[in-house]
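Working notes, structure below.
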Amino acid sequence: MTQLALVIEINVCVGCQACVTNCKERNTSGAAGPMVDQNPYGKDPTGTFFNRVQTFEVGEFPHTETVHFPKSCLHCEDPPCVPVCPTGASYKRKEDGIVLVDYDKCIGCKYCSWACPYGVREFDEAQKIMKKCTLCVDRIYDTQMTEEERRPACVRACPTSARLFGDIHDPESAVSHAIREAGGYQLMPEWGTNPANHYLPRRKTRMRIREDELERADNPLKIDAQLPKPEQSSPSLDDVTSW
Amino acid sequence: MHPAFSVIFLTTLIGVGQGLFLALFTAQSYALFDLLPQQDGHGFYAAGSALALVFLCGGLFASFFHLGRPERAWRSATQWRTSWLSREVIVLPAFMGTVALYGLAHGLDWKPVLATLPGGIAVDATVVLGTLGTLLAFALFLCTGMIYACLRFLREWHTPLTVINYVLLGGASGFTLATAFAAVAAPELTRFFGGWALIILLLGGVGRVASLLRNRRLRPLSALQSAIGIKHPHIVQTTQGFMGGSFNTREFFHRRGRLFLRSIRWLFLVGAFLLPALLLAAGFGGAEAGLPIAAFVVQYFGLLAERWFFFAQAHHPQNLYYQSVA
Ligand code: SF4
Ligand code: SF4
Ligand code: SF4
């Protein structure tokens, strides 16, 4: 079975909000209707988004780290939001595991949002229905587009390639490799929702240089000690005459 | 959670309607076995059923204000296999229809005897309808309670006490209303209803205090550590990702202070349990209608506060993600 998902590398995300903007732009211009904002230029602007990038500070000063954390629907494999829906508007597709809301069936009772522990479903105040990330379902199957374009809008927008997209049930896919090799994890595993989206952990990026790496240990001239060792600061022509 | 008034009115109003119907049929059952004097159908059971229907219709009306697209409400009856909300949507009208038929059968004196019990007790159509209504009333309590109790990460609700309290509080308010109604329509029944109202009210008080005590000891299962998957004891959010509000900042928090919450708790403990119990006890057995009516009114407002608190008290784990506006 296919389970499409996003894999997000926390270590690489720079918090630029490009995915947020591109998601909103792409999905507000789609066939499913606009994602209208209320009061966009007023005092309390608000509106529906499918994707948010949040920022956390980990540790205590001076040992702090800033972590940017993108969050959209995780397309859970056991989605608690689906069975509670009284109309069947919320459903999980068998063929690719995408969790969707049928905008024509939703009565806007908001019950599904209560049943999602991740706070990723957002009620559209203009259309009066529930919305959330569609994994760009209208885009990824669009045969008018090239293979390269047939990826979610947020994935394409990311300047650092922090977002990967693929089938996590295919053990040979890039996302499965990433999850396996970089220690991908799920959010709030304690609720047994089994989210399809995974996160790759933050890492400390450090360069370790040992003393003996500063000098070329296998320099034949040096081993034989035939030449006087010039000063480190003295000019050199090439590898051979230098130290 | 953010308490929505549509749901507060829905659950309290249908609770009264269910309780009142249960009270009426309890009286009829007692009368059937000659434990109570028989009542004149037109005056008492028919009018009582009409009164119950008024409350049930009020609840149904309030529920529509909760929907973004009420014109599609019929669709919500389709997923009864998995959704308690869908089950409630089916059981509520079924129950209302049964109450209406029960009232009509009494009002029109349509009482064909359908069976006879061993002791020579005649089971007529109203008894059958009443039994069916009783089953549906309890089914409706179960559905309403389970809508909240089935959400496992809203741990304040995820307990059998939620269902039990919906039954007891709805029952108590219905029997209190029955006492007031009897004081006007059938004074000889006020003792009966008043007694039961006091007993159920007491049980309801015990159940509600039990759930308060249980919830006080709850510790959240989720923390920022599991929410973002970083194992460090000290994590704070610097921004939730947007400056203005969103659905997620409005729907899941009551936006009131601790003090307000605490005062509502005391308000409902006094208003929904203590005062009505005192008023009922003071008017117990008397023919005076004023006291039971006062008891019902005070209790209803107390129950509104109780339901507000029920919602406000529940902590949703999604709030972990929405802590800092920046
Ligand atoms: S993240 Fe929330 S909305 Fe998305 S599938 Fe899981 S429970 Fe449902
Ligand atoms: S808001 Fe819509 S999708 Fe969500 S539970 Fe209600 S009907 Fe289903
Ligand atoms: S997959 Fe599409 S809908 Fe989902 S967050 Fe990305 S851009 Fe938005």
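The values are calculated or read from the model by the stated rules, or taken from the named source; none is laboratory data. Since we're looking at a predicted model, the values are computed, not measured. Cβ: placed from backbone, ideal geometry, glycine included. Neighbour counts: every protein chain shown. Accessible surface is based on the protein model in full, side chains and every heavy atom, while ligands, DNA and RNA are left aside. Shrake-Rupley method; radii C 1.70, N 1.55, O 1.52, S 1.80 Å.
Taking all protein chains together and a 1.4 Å probe, the residues A:Met1, B:Met146 rank A:Met1, B:Met146 from largest to smallest accessible area. Computed on segment B:104-143, the Cα convex hull volume stands at 71 Å³ per residue. Values of log10 I(q)/I(0) for segment B:121-169 across q = 0.21, 0.31, 0.33 Å⁻¹ run -0.69, -1.04, -1.10, by the Debye formula with one identical scatterer at each alpha carbon and no solvent. Shown here are the Rg and Dmax of the Cα trace of chain A, at 25.3, 88 Å. Hey, what's the Cα Rg ratio for chain B versus the globular rule of thumb, 2.2 N^0.38 Å? That ratio works out to 1.12. List the lysines whose Cα lies under 30 Å from the Cα of A:Lys132, skipping any in the same chain that are fewer than 8 positions away. Once the sequence-local lysines are set aside, what remains near A:Lys132 is A:Lys24, A:Lys43, A:Lys71, A:Lys92, A:Lys94, A:Lys105, A:Lys110, B:Lys231. Among the GluC sites (Glu not before Pro) found in segment A:42-147, those both in a DSSP coil and sparsely packed, with 14 or fewer other Cβ atoms within 10 Å of their Cβ, are A:Glu60, A:Glu95, A:Glu147. Could you work out the pair-distance distribution P(r) of segment A:94-141 from its alpha-carbon pairs, with 10 angstrom bin width and percents rounded to whole numbers? P(r) for segment A:94-141, in whole percents per bin: 23, 53, 23, 0. When only alpha carbons are used to place a centre, segment A:14-83 and segment B:121-179 end up 41 Å from one another.
If eta is 0.692 mPa s and T is 37 °C, what Stokes-Einstein diffusion coefficient results for segment B:4-98, Kirkwood Rh from Cα pairs, in µm²/s? D = 223 µm²/s. Backbone phi angles across segment A:118-124, fed through the Karplus curve with coefficients 6.51, -1.76 and 1.60 (θ = phi - 60°), yield HN-Hα couplings of 9, x, 10, 8, 10, 7, 8 Hz in residue order; Gly and Pro are listed as x. For A:His169, A:His177, the ranking by accessible surface with the largest value first comes to A:His169, A:His177, using a 1.4 Å probe. Against the empirical 2.2 N^0.38 Å (N residues), the protein assembly as shown has a Cα radius of gyration ratio of 1.31.
With the highest mean first, a sort of the peptides B:98-108, B:282-292, B:209-219 on other beta-carbon atoms found within 10 angstrom per residue produces B:98-108, B:282-292, B:209-219.
Among A:Leu4, B:Leu60, the sequence by solvent-accessible area, most first, with a 1.4 Å probe is B:Leu60, A:Leu4. The angle between the Cα long axis of helix B:47-64 and the main principal axis of chain B comes to about 20°, on a 0 to 90 degree scale. Stretching the chain fully between B:Asp124 and B:Val236 yields a gain of 33.6 nm (0.36 nm per residue, less the alpha carbon separation).
Please give every one of the aspartates and glutamates within straight-line cross-link reach of A:Lys131, meaning a C-alpha to C-alpha distance under 13 Å, and leave out same-chain neighbours fewer than 8 residues apart. Hits, sequence-local ones excluded: A:Asp102, A:Asp104, A:Glu122.
Compactness check for segment A:15-103: Cα Rg over 2.2 N^0.38 Å is 1.40.
Helix A:18-28 and the longest principal axis of the Cα set of chain A meet at an angle near 30°. Using θ = phi - 60° in the Karplus curve 6.51 cos²θ - 1.76 cosθ + 1.60, the 3J(HN,Hα) couplings for segment A:183-191 round to x, x, 9, 9, 8, 6, x, 5, 9 Hz; x is entered for Gly and Pro. For peptide B:71-79, the mean count of partner chain Cβ atoms within 10 Å of a residue's Cβ comes to 6.
In plain terms, chain A is cut at each of the trypsin sites (Lys or Arg not before Pro) found in a DSSP loop with at most 10 other Cβ atoms within 10 Å, and the longest leftover piece is A:95-203. Estimated from helices alone, the mean residue ellipticity of the protein assembly as shown at 222 nm is -13500 deg cm²/dmol (sum of -39500 (n - 2.57) over DSSP H runs with n ≥ 4, per residue).
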